[in-house]
Structure formats: structure tokens, C-alpha cells
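The values are calculated or read from the model by the stated rules, or taken from the named source; none is laboratory data. Every value quoted in this text rests on a predicted model; they were computed, and no experiment measured them. All Cβ positions, glycine included, derive from the backbone under ideal geometry; neighbour counts span all protein chains shown. Heavy atoms of the whole protein, side chains included, go into the accessibility calculation; ligands, DNA and RNA do not. Shrake-Rupley method; radii C 1.70, N 1.55, O 1.52, S 1.80 Å.
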Amino acid sequence: MNNKDKTTMKKRCLPGIGNLPKWAGISIFLAGAIVLALIIVLHYNPGADQETERLKKICACTLIALSCAVFSVYYDRVTVVPLELWDNRQLIWQMAVNDFKKRYAGSYLGAVWAFTQPVVTVLMYWFVFEKIFGMKSEIAGRGLDVPYVIFLMAGLVPWFYFTEGLSNGTTSLLEYTYLVKKVVFKISILPLIKIIAATFTHMFFCLLLVGAGWIAGFTPSVYTLQIFYYMFCEFMLMLAISFATSAIQVFFRDLMQIINIGLQLGQWATPILWNLDAVVPDWRMQWIIKLNPMTYIVGGYRSCIYEERWFFEHFYSSTYFWIVVVGLFCMGSLIFKRSKIHFADVL
């Protein structure tokens, strides 16, 4: 077998599974999609509005069908990026740690600045909305009233993570221009490096969030462990989006400005500072707001702190979220794969 055949064989392998033929990879994906579609169609919730349930099922099955079509047609291109990430996992970890260390190198307080701004932002929102406007959370968790500061922190902590991860992932290729121009370097790992670096700061704030909830009377329980699941959900969402945005940013430098505006609008469109059930009682408007994947993440973090509910109890929300992430990852991988051959010329 010559080198070209070996390279082709390697591209047809999924990371961590071994020499999986292309037909087998597509078959496994389609089989999983069919099983998921059957579960969605057969799922019955007697307490819910059946018209809404039917609409959710149609949307979910449509998204599944589109994901299957993209994955089957562009299998070789879609699987290249995951394979590169898997093969370079050790390098990714080392570069992510170095990226976090060098970000505040030379400053007197160092990494303390990574935590100062988010803490000040939380205190500012808490003071303005609770102390000045008298806003109180109307939610009750575990039989206790939820202080607005806990409600607020549970929404802002994942949003800070999303903002930092998406912004840094989008500009990763521009920041590491010298690596992009190296032929042998796998540039697909650069967005992942920036998101992992942002995760270090996020884990600190997760500990702070759990501690604040504990002080408020919400003792950590087995439900609190779900925070790792929702952290992984948000990580994959940012990675899926960053592959597309980082590639587009190389050719369209104004993209980051548009993303910053979108993040500002998204903070208010996502139920972070306000309670979805109290502000939007109409289920039709709630359904539109829940199309935002970050609504699922923010609600999940709150469930981890003061609600005793498992993530799989939100059946349609969890299903919809992962369908969207898979679809975004496929599109992002395609955009990145098709664009990267021109990166060195443009940069």
C-alpha cells in the first residue's frame, strides 16, 4: 500500500475507533439518527399541549434528516477535522495551558485579571437590578426562595464562558498567524486551544457559583454533578461555531465586530437577567426563545444549582440542542476544510 492509499485510509477513519471504513461510519451515524428519530416520534407527554409536541417532533426530525444528508454527502470532509483534533490531543492540551499563562504575562496581578471583570460585572448587575429596581426571583428551588444574585450568577457564568470562548476561537487563526503559514502544522486545533484556555477560567467560576448556592442554602447534591454535562454541551457548541467563524474571520475582518454586537443582543435575548416563565407567559414566544441553544445551557446551570431535575427530563430541549450542535459542527468543519488552503495566502 503506497503513501497515498494510507492517507486516504486514514481520512476515512473516525478518531478513537480504529480503521473504520467510510460505509461503516455512515451506517453507524444513520442508524443512530433513525433510533433517535423513533424515540422522538414515539415519545408521549400527556401533560403537554399536543399541538406543540407535534411541532417539536416535526422540527426535530427535519433537523435530523438534514444532518444525515450533510454527513453522508460530505463524510470525508466532515471527519477530517475531528481526526486531526484527536491525533493532536496532547499538543492541544500543552498549547492551551501555555495560551492561558501567556495571556496575562507581564502584568502584576497576572491571571487575577481573568476573574476580576466577570466578578465586577455580576456585582454591578446584582446591585442595579436587585437593590435599585428591587427585582426578585420568583422561582423556588428545593422548597427555598432563590435569591436573585444566585439566579443571576447561574445565568452569567455560562454566558461569560460562551462570550470568551467564541471571541477567542473566532480570532484564533489571526492570533497564531505564524503557525497557520506552517505547512506541517494542523491549524484545525487552534480554535480548540483557545476554547480550552477559556475553560480554565470558567471552572473557577463554576466553583464560585456552587459555593454561592451552598451559602444560600442549596447544598450541593448529585444533581450538581450535571454541571459537567452542561459545560461539555457549551464547549461543543462553541467549538462547532468557532470552526466556521474563525475561517470566515480570515477573509472578512469585520466579522468579529458583528459577533460582538450579536453577543450584546444575545445577552438580553437569552433569559439570563430575567425569568423566562415570568416575563414570557405565552408558550409560542417561549418556544421561539428556546430555539436559542444558550437558553438550554442557562436553564441547565440553574437546574444544577437549585433545582432537582435531571437533564434528560428536558427531553425535547436536550434532543434539539444536540441536533443543532451536530449540524453546526458539520457545517463548520466543511467551511474550515474548504477555506484553509487559502489561509496562508490571505494572512
Measure nothing but the geometry: give the 0 to 90° angle between the long axis through the Cα atoms of 293-306 and the longest principal axis through the Cα atoms of the chain, rounded to 10°. 50
Estimated dipole of the chain in Debye, rounded to 20 [Cβ of Lys and Arg +1, of Asp and Glu -1, Cα centre]: 1380
Stretch in the chain that is longest and holds no trypsin sites (Lys or Arg not before Pro) that DSSP places in a loop and that have at most 14 other beta carbons within 10 Å: 1-135
Quick one: accessible area per residue over the chain, 1.4 Å probe, rounded to a whole number of Å²? 52
Kindly flag which residue pairs out of Lys22/Lys181; Lys101/Lys181; Lys181/Lys337; Lys182/Lys337 have an alpha-carbon separation exceeding 22 Å in this structure. Lys22/Lys181; Lys101/Lys181
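Using helices alone, what [θ] at 222 nm do you get for the chain, with -39,500 (n - 2.57) per DSSP H run of 4 or more residues, divided over all residues and rounded to the nearest 500? Let's see the in-between values first.
Working: 17 runs with 249 residues, N = 347.
Only helices count here, giving -23500 deg cm²/dmol.
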Could you check how much of the accessible area of region 152-204 is carbon and sulfur, as a whole percent, using a 1.4 Å probe? 70
When N counts the residues of region 41-99, how does its alpha-carbon radius of gyration compare numerically with 2.2 N^0.38 Å, as a ratio? 1.88
Using only Cα atoms, tell me the angle between helix 255-269 and the longest principal axis of the chain; keep it within 0 to 90° and round to the nearest 10. 30
To the nearest 10 degrees, the tilt of helix 315-339 (Cα long axis) against the first principal axis of the alpha carbons of the chain is 40
By how many nm would the segment from Phe228 to Trp268 grow when fully extended, if each residue of separation counts as 0.36 nm and the alpha-carbon distance is taken off? 11.9 nm
